[in-house]
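The values are calculated or read from the model by the stated rules, or taken from the named source; none is laboratory data. A quick note: this is a predicted structure, and the numbers were derived from the prediction, not measured. Backbone-built Cβ (ideal geometry, glycine too); neighbour counts: all protein chains shown. Surface areas here come from the heavy atoms of the whole protein model, side chains and all, with no ligands, DNA or RNA. Shrake-Rupley method; radii C 1.70, N 1.55, O 1.52, S 1.80 Å.
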Amino acid sequence: FNTSYNLAADSFQIAPFVLNARTTFGNGFSVVMNATFDPYVLDMKTGVRQRQTYLEAGEAALARLSNYNIAFNGSIRSKYQGGNLNSRDIAIRNYDPRRFVDFNVPYSLNFALILGYNAPVREGLPPQLNQTLGLNGDFRITTKWKVTYSASYDMVRGDLTGMQFGIYRDLHCWDMSFNWIPVGFRQSYTFDLRVKSSMLQQLRLSRRRDWYDF
């Protein structure tokens, strides 16, 4: 919990009250929350903050809830299967982390449920709500094939706001990847066949269609 008081200001000396909280439970699950409270009276007819605090106005509440966000996060991963990474995999991870795929993890699933609220600032205006569910992870088909996925869903609008699908194939000295965004504004796909060696990163075959090409 934090706030501050500005001794040099002639009005609005008290900063909004900010509350942050976090807790974990189980293995890989957590809840994160933050909220902001305004100690000054808001004129709902004009939408203008008054110089008078709720305490000075004799209100029962000390402050008005302006907004809050709550995120429920979870992660499910299989046990690590395999030994330490070899020098080639470490070089790929260091050169381009987005290309690195760890085949020693058979599957993983991460999810986040985000709930947000912004209070109305004038009479007749509804509060702004945000309810989003996000998923991402991967699973190994064989020791050389792996699939990645991610998606987000806006529960307020009932709309799928993002989705991405990828396939990776380990070809020993080469690797193949295909990434596809099938929905949304940034629909696109990329296909890459390239040498794993960090010294030969320019040796590759690529085919791509960016979102602005559509």
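Just a few scattered comments:
- Computed FRET value (nearest 0.05) for Trp174 with Val31, which takes r as the C-beta separation and R₀ as 41 Å: 0.40
- Of the trypsin sites (Lys or Arg not before Pro) found in region 5-87, the ones in coil according to DSSP and having at most 14 other Cβ atoms within 10 Å of their Cβ are Lys45, Lys79.
- Taking label points 7 Å from Cα along the Cα-to-Cβ direction, Tyr189 and Asp159 give a separation of 2.5 nm.
- Of the solvent-accessible surface of the chain, computed with a 1.4 Å probe and all protein chains present, 57% belongs to carbon and sulfur.
- Label-to-label distance, nm, for residues given as Tyr149 and Phe12 (7 Å Cα→Cβ offset): 4.7
- Within the chain, all pairs of alpha-carbon atoms sorted by distance into 10 Å bins from zero give the percentages 7, 21, 23, 19, 14, 11, 5, 0.
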